[in-house]
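Here's the structure, in structure tokens; my notes come after.
Each value in this text was obtained by applying a stated rule to the coordinates, not by laboratory testing. These figures come from a predicted structure and were not determined experimentally. Quick reminder, even Gly has a Cβ in these numbers, built from the backbone with ideal geometry, and neighbours come from all protein chains shown.
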Amino acid sequence: MIGNIYKYILIEALDPLWYYRLYKRKQLKKEANCNKAGHSLNQTTVNSYFEGSPLDMGKNYASIIKILFLTVFYGPLLPIAYPIGMVALSIMYWVHKYTLLRRNNRPFMMGKSLIRKMVGYLELLPLLYMVSFSLLIIYVISLEQSSSGNLKKDSHSRTYSDRKLSEQ
């Protein structure tokens, strides 16, 4: 669960395409400082090295929903999932803030349909929490019944064997 939550954050923070663009920028700056004539690059290629990658809000929303759903689903079984999810969301916030302000170019305009879909998914969180908590309760009750049934059998067989021993 932890790996699944933090995987996207690490991919976003350690974007290999970004580091490739930084490398290309440094090469272009060295060539410009050396005043090398005969550059074979056109302006659009140079612009692609100096502008950031576009921000995909749909992917960001999907990762937030995934973290929330995993946290709510595993929360009743593992209460440590709530702080892990909270830390993951706060780290994701800061990574997205940094990449938006420093790396990405201006995001595309979103339609209202994406926002409505995300709110629709958020409305499912209480239902998911209720289902996962109910499954946990059913599992615990079945464990208690099976263990108490084993104790009754053991106590019954012991008393029966004790009776046989006492009769002899």
Work out the charge dipole of the range 2-123 with +1 on the Cβ of Lys and Arg and -1 on the Cβ of Asp and Glu about the Cα centre, then indicate which of Ile11, Ser90, Cys34 is farthest towards its positive end.
Cys34
Taking the Cα centre of the range 2-123 as origin, work out the dipole magnitude from +1 charges on Lys and Arg Cβ and -1 charges on Asp and Glu Cβ, in debye rounded to 20.
440
Subtracting the Cα-Cα distance of Asn42 and Val131 from 0.36 nm times their residue separation yields 26.3 nm
Multiply the residue gap between Lys112 and Ser142 by 0.36 nm, knock off their C-alpha separation, and tell me the result in nm, one decimal place.
6.2 nm
Rh (Kirkwood; distinct C-alpha pairs) - the range 2-123, Å
17.0
